[in-house]
Each structure stands twice: as C-alpha cells, then as structure tokens.
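The values are calculated or read from the model by the stated rules, or taken from the named source; none is laboratory data. As the structure is a computational prediction, the values presented were derived from the model and not from experiment. Note that we place each Cβ from the backbone using ideal geometry, even for glycine, and neighbour counts take in every protein chain shown.
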Amino acid sequence: MKLHIATYNIHKGVSWLAQKPRIHDLRLALESLDADLLFLQEVQGQHDHHARRHEHWPSQGQHDYLAGDEHEAVYGMNSVYQHGHHGNALLSRYPIVHFGNEDVSDHRFEDRGVLHCVVKMPQHEVHCYVVHLGLFGAGRRRQTDLLIQSIHAKTPSHVPLIIGGDFNDWRNHLSKPLRQQLNVEEVFEHRSPLTKNGKPKVALTFPARAPFLPLDRIYVRGIQIKSAKVLRGAPWSRLSDHAPLTADLEF
C-alpha cells in the first residue's frame, strides 16, 4: 500500500509579508498535491478580523475548508485570542477513529500543542502526530521530551507511526533523540545523499521564497520511505512563509 503525505505550515491562510488572503489559493494548491495525509500547522479555526476585512473569507474553520470533500479534518486548538484561535490540523483520506490534543506550551508567550490522531487504513492503523514546537532551543528540547513520553504512552512500538510538523529546529538538534528513543527515520535525511562531513542533508523549507533553514520534518516508523522533497517555486513561494515537505511511503 502506498501513501503520499505532506507537512505544511500555512501561516494562517494569509501571505507572510503583505498579509493578503491566500486561503482559496491554498486550497487549490493542496488539492493538487493529491495527498492522503496532510499535517498542517498555524491553521485558524476562527479569525473574526479576517472574516470582516476580506471578502469571501470562508465561514468554516480553515481545517474544514481545506479538507473539502476529499478528506476528513481534525483540529487541535492551541492559541486563543480575542478575535479567534489557531492550532494544528490533520487532513486524512482515511477515517480518523481517535484524536486528542496535548498542550506542550513551555511558557505563556507561546501556545503550542501536539495533535495525536489514529487513522484507520484498509490494512493498517497508523498513529499520526502533528507538531509545532517553540522558537527557543531549551523549550523545544522540553517539548520533544514531552512528545517522546506521549508517544511511548499512547502508541505501541509495533504500530506504524508518522510525526510531521514545524519543529523550528534549524540546528537539527532534535533528530538524534527522536531516532534513539522512538526508532524513527526522518524522510528527507533517509533519502538524501550525505554532505561532505558525512552528515545527511536536511530539508530546507524556510523562508519559502529562498529556503535556507530546515524547520519542517517528517519522521516515520514501520513504513518504508520511497522519496521526499521540498516543494519550491510557484505557487508555494507566495502562499506561506514555509515551503511544504512531501514524502512517498509504502507499507
């Protein structure tokens, strides 16, 4: 069985410089991916200011609007403010039979969460974790420890596992503990050639117009990695401040 997946920080459906609405173009771009699973970050469940300011702003939460008729959507609300809220979402072509959202905020200035979903596929049950970690290194390490503890508690070691999201880990410090403690592989590192110093190349996803920082990752366990790539150029360079990372997997 083959599986095409992507992780993408959608920047709340607006362009990252001019704050122009991009949600409708985002939906078309995501539909063009024809992905079975979409791990999305900075998804707005509600934004009253955008709804008043922009004509044709969707009345639905962005997770439901982007899901359309092809996917189920689950949303984990992390950050709540006077005019709305945002968080992570999983869009799936297959039934989502269980989900839960865990608060991993490290301090009061950054609301962060990990969305855990169990997806029922024809021959497999897959545990999916949508992640958006903080901007500070010490906090990211603590959040990664919480993620590891949560996976050990909720996901049996023999069950297929996918972790996707914006790790904000531009120094690539988190892959080693994740590999060692969860026995996962990062899709881009697994399929890319080694650098001159013998280390695997990482996926450069930020900023979208000319990526030079590796912020977005997909880790898997119990699934074969066939390919992985960063989507650059039009339309992705104008939709968000991140570029999407995609992977082709096979059971």
Which one of these is among the β-branched types (Val, Ile, Thr) and over 15 Å from residue 163 (Cβ atoms): 126, 74?
-> 74
Scanning segment 31-48 for residues that are at negative phi and either part of a strand (DSSP E or B) or touching a Leu at 6+ places or on another chain (Cβ under 6 Å) (or both) gives 36, 37, 38, 39, 40, 41, 43, 44, 45, 46, 47
Mind listing whichever residues of segment 116-158 are in contact with a Lys or Arg (Cβ under 7 Å, 6 or more places away or on another chain) and either in a loop (DSSP other than H, G, I, E, B) or of a type in the set (S, T, N, Q) (or both)?
-> 133, 134, 143
Whichever residue in segment 132-158 is more than 21 Å from residue 79 (Cβ to Cβ) and aliphatic (A, V, I, L, M) and, among such residues, is surrounded by the most Cβ atoms within 10 Å (Cβ to Cβ) = 151
Considering residues of segment 214-251 that are out of contact with any strand residue (DSSP E or B) (no Cβ under 7 Å at 6 or more places or on another chain) and either under 19 Å from residue 171 (Cβ atoms) or among the basic types (Lys, Arg) (or both) only, the residue modelled with the lowest pLDDT | 238
Subset tally (residues that are in a strand (DSSP E or B) and either acidic (Asp, Glu) or farther than 26 Å from residue 110 by Cβ (or both)) for segment 52-97 | 4
Report whether or not residue 211 is surrounded by fewer than 22 Cβ atoms within 10 Å (Cβ to Cβ), in a loop (DSSP other than H, G, I, E, B) and either in contact with a strand residue (DSSP E or B) (Cβ under 8 Å, 6 or more places away or on another chain) or polar (S, T, N, Q) (or both).
-> yes
Selection from segment 214-238 of residues that are in contact with a helix residue (DSSP H, G or I) (Cβ under 6 Å, 6 or more places away or on another chain) and part of a loop (DSSP other than H, G, I, E, B) = 235
Evaluate the following for residue 61: is it in contact with a strand residue (DSSP E or B) (Cβ under 6 Å, 6 or more places away or on another chain), buried (at least 18 other Cβ atoms within 10 Å of the Cβ) and at pLDDT below 80?
-> no
Run down 151, 163 and say which single residue is in contact (Cβ under 8 Å) with a residue 24 or more places away in the chain and over 16 Å from the mean Cα position of the chain (by Cα).
-> 151
Do you know which of the residues in segment 159-187 that are crowded, with 16+ Cβ neighbours inside 10 Å and in a helix (DSSP H, G or I) is modelled with the lowest pLDDT?
-> 175
Evaluate the following for residue 202: is it under 22 Å from residue 4 (Cβ atoms), touching a strand residue (DSSP E or B) at 6+ places or on another chain (Cβ under 9 Å) and at pLDDT 95 or above?
-> no
